[in-house]
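The structure appears right after this line, and notes come after that.
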Amino acid sequence: MKSELAVFITDDMHKELANITDPTKKVAWLVANVTTPATAHEYAVLRIQTKLPVFAAVSEGILTAIDIACKYAGWNQMLVDEAKALSFQKTWAQDVRVTLGGALYVGAMGTGVGNVVKAYGTWRNLYATGMAERIAGEQLAGRAGIALRVAGALTAAVSGGVAAMDLADANRSRSVGKYELAGLQLLSGLAGIAAAVFSILAGGSAGSAAVVGGLSVTGWGVLLAIVLVALAMAIDHIRGDAFAQWLERCYWGTLDAGRYSDPDRERTDFNKAMTGFRCSPQ
């Protein structure tokens, strides 16, 4: 009678098995240390499982790239707005927002690199053919995990700061009767708080592999980034362009507080707001 057995073993397992001379002990060692598929279906499943870390790393990489793109778009828009800002828009709050936007962009890139390094280290540890490579993979994944925890904490702090500024803006808009604008700013603040929470989770022991509500924390981060970009666009639409904001603060403006008190500044802002403005012929 002849039988064949398919098993999954590595080179170091081959060496250890070669050192065992007793056939009975060889079989016992195989039973204790080797994964043996009982059927062709189990064999296929085990083959797929060896590829899952690669698929997971690729999907997380794609999600991270989208997250970086969203954060860069938001930061770039902040830089454009700062360059075209009128005098009443050039406040410390705008400068802080631009700085925090850049920090979020850099943090997203750092988190992406950390996820890739950790995925590679984990894969190297699981499928290494030697003990030295296995230990090196474990150490690499451990260092990447520490970097991810630091990046997660910093990103969470920055996201929390942006959220606090959004909530402050919402309260200010509510106080002057701009309830629609206040509602959007409130939603932006709450989304920022949620982003801070997921940044902390992404930097935890499970890292980007953690799943919440059927979606990885990286996936939630991308979703929240898209939501925040959409809310920022809606806020800008309701707030109006620079000229609309100038009209609110001019001599005939509707604002009860914050209107121009210096005619020269009012005139300078008007000229800047009208730069590049063209009336279409009727």
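The values are calculated or read from the model by the stated rules, or taken from the named source; none is laboratory data. Please read these numbers as outputs of a predicted model, since none were measured by experiment. Here Cβ is always computed from backbone atoms with ideal geometry, including for glycine, and neighbour counts include all displayed protein chains.
Quick one: is Thr99 modelled with pLDDT of 80 or more, in the same structural domain as Gly192 (by TED's automatic domain parsing) and assigned to a helix (DSSP H, G or I)?
Yes.
Cβ-Cβ distance below 8 Å, separation of 6 or more or different chains: which pairs start in the range 225-241 with a residue that is buried (at least 17 other Cβ atoms within 10 Å of the Cβ) and end on one that is of a type in the set (Val, Ile, Thr)?
Ala225/Ile66
For the range 253-266, what are the residues that are surrounded by 12 or more Cβ atoms within 10 Å (Cβ to Cβ) and outside any loop (DSSP other than H, G, I, E, B)?
The answer is Arg265, Glu266.
Taking only the range 173-186 into account, find how many residues are surrounded by fewer than 17 Cβ atoms within 10 Å (Cβ to Cβ) and modelled with pLDDT of 85 or more.
Within the range 173-186, residues that are surrounded by fewer than 17 Cβ atoms within 10 Å (Cβ to Cβ) and modelled with pLDDT of 85 or more number 4.
Can you spot a residue in the range 48-64 that is closer than 30 Å to Tyr260 by Cβ and either modelled with pLDDT under 80 or out of contact with any strand residue (DSSP E or B) (no Cβ under 8 Å at 6 or more places or on another chain) (or both)?
The answer is no; no qualifying residue exists.
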